[in-house]
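**Student:** Pasting a structure here, questions to come.
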Amino acid sequence: MYIIDSMFREMKRKKQLLSHSESIKILEKCTSGVLGLIGDDNYPYTVPLSYVYSDNKIFFHAAKSGYKIDAIKNNNKASFCIIEKDDVKMKEYTTYYRSVIVFGRVSIIENEYKKREAIEKLALKYYPNDNKENRNNIINKEYNAMCMIELDIEHITGKEAIELVKTKKENK
């Protein structure tokens with residue numbers, strides 16, 4: 001379960017707030033998002049990533065070294081943004097959007113069992129019909145060169161355009 005406390009701001013436009021279950025469905029459905037970290041000289045560092053959501057955690061894969069790994073080692077606070085809907089309405093000068101932002105602590109998975117479990121979840125999300133033998137061959141080929149990153153979710157905020165909220169009410 002996620003935490004709502006004074007550490008995180010309340011959403012100003014509460015009518016547009018998605019329920020926790022709607023936000024989770026978006027996390028489960030979508031295939032990419034943008035991870036936000038604190039980078040060099042405290043500049044924000046954002047990077048688009050594939051991910052998998054499981055048990056109040058988000059898992060990513062990465063190379064064992066690089067900017068992302070350095071940023072995680074320097075500061076474990078992170079956010080992750082997923083855009084599920086982005087429908088530009090030119091004549092209305094607006095966008096009908098639906099998105100989720102996750103806040104939490106990110107870490108590199110050191111435990112080999114957990115690392116393997118996480119990469120298998122990721123592989124199954126993106127290629128669910130693959131056979132186990134082929135999946136294992138592909139994972140094994142890259143396994144030693146990669147690491148798995150875990151974002152432990154502390155807070156989730158989902159939001160949608162007011163026009164989508166109104167449409168939902170009209171359809172009830």
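**Student:** Exactly one condition in (1) in contact with a strand residue (DSSP E or B) (Cβ under 8 Å, 6 or more places away or on another chain); (2) open to solvent by 50 Å² or more (accessible area, probe 1.4 Å) is not met by N111; state its number.
**Tutor:** Condition not satisfied by N111: (1).
**Student:** Looking at L164 and the list (1) surrounded by 13 or more Cβ atoms within 10 Å (Cβ to Cβ); (2) in contact with a Phe, Trp or Tyr (Cβ under 9 Å, 6 or more places away or on another chain); (3) outside any helix (DSSP H, G or I), which single condition is not satisfied?
**Tutor:** Here L164 clears every test but (3).
**Student:** Continuing with this model, one more query. So K68 passes all but one of these: (1) surrounded by 13 or more Cβ atoms within 10 Å (Cβ to Cβ); (2) assigned to a strand (DSSP E or B). Which condition number does it fail?
**Tutor:** Single failed check for K68: (2).
**Student:** Filter region 28-55 down to the residues that are touching a residue at least 12 places away in the same chain (Cβ under 8 Å) and under 15 Å from E117 (Cα atoms) and list them by number.
**Tutor:** Listed by number, the residues that qualify are Y51, V52, Y53, S54.
**Student:** Testing N136 on (1) outside any helix (DSSP H, G or I); (2) farther than 25 Å from L35 by Cβ; (3) open to solvent by less than 70 Å² (accessible area, probe 1.4 Å), one condition comes back false. Which one is that?
**Tutor:** That leaves (1) as the condition not met.
**Student:** Would you check if A145 is over 17 Å from the mean Cα position of the chain (by Cα) and in contact (Cβ under 8 Å) with a residue 60 or more places away in the chain? Talk me through it step by step, then tell me what you get.
**Tutor:** Values: over 17 Å from the mean Cα position of the chain (by Cα): yes; in contact (Cβ under 8 Å) with a residue 60 or more places away in the chain: yes.
For A145, the condition - over 17 Å from the mean Cα position of the chain (by Cα) and in contact (Cβ under 8 Å) with a residue 60 or more places away in the chain - is met.
**Student:** Still on this structure, I have one more. Only one of these conditions is not met by F8: (1) assigned to a strand (DSSP E or B); (2) modelled with pLDDT under 95. Which number is it?
**Tutor:** Unmet for F8, out of (1) assigned to a strand (DSSP E or B); (2) modelled with pLDDT under 95: (1).
**Student:** OK, next. Filter region 19-43 down to the residues that are in a loop (DSSP other than H, G, I, E, B) and not hydrophobic (A, V, I, L, M, F, W, C), then identify the one that is least open to solvent (accessible area, probe 1.4 Å). Steps first, please.
**Tutor:** If we filter region 19-43 for residues that are in a loop (DSSP other than H, G, I, E, B), which is where we start, we get 19, 30-31, 39, 43.
Those left that are additionally not hydrophobic (A, V, I, L, M, F, W, C): 19, 31, 39, 43.
Details: S19: 47, T31: 76, G39: 14, Y43: 151 Å².
Residue satisfying both the conditions and the ranking: G39.
**Student:** Of the residues that sit in region 144-161 and are among the charged types (D, E, K, R) and open to solvent by 10 Å² or more (accessible area, probe 1.4 Å), which one is nearest to E112 (Cα to Cα)? Break it down stepwise before answering.
**Tutor:** Narrowing region 144-161 to residues among the charged types (D, E, K, R): 150, 152, 154, 159-160.
Imposing the further condition that a residue be open to solvent by 10 Å² or more (accessible area, probe 1.4 Å) reduces the set to 150, 152, 154, 159.
Details: E150: 13, D152: 18, E154: 24, K159: 36 Å.
For region 144-161, the residue satisfying everything is E150.
**Student:** How many residues does region 73-107 hold that are assigned to a strand (DSSP E or B), under 18 Å from I58 (Cβ atoms) and either out of contact with any Asp or Glu (no Cβ under 8 Å at 6 or more places or on another chain) or open to solvent by 80 Å² or more (accessible area, probe 1.4 Å) (or both)?
**Tutor:** Counting residues in region 73-107 that are assigned to a strand (DSSP E or B), under 18 Å from I58 (Cβ atoms) and either out of contact with any Asp or Glu (no Cβ under 8 Å at 6 or more places or on another chain) or open to solvent by 80 Å² or more (accessible area, probe 1.4 Å) (or both) gives 11.
The values are calculated or read from the model by the stated rules, or taken from the named source; none is laboratory data. Predicted, not measured: the structure shown is a model, and the values here were computed from it. Cβ sites come from the backbone with ideal geometry, for glycine too, and all protein chains shown count toward neighbours. Accessible surface areas use protein heavy atoms only, side chains included; no ligands, DNA or RNA. Shrake-Rupley method; radii C 1.70, N 1.55, O 1.52, S 1.80 Å.
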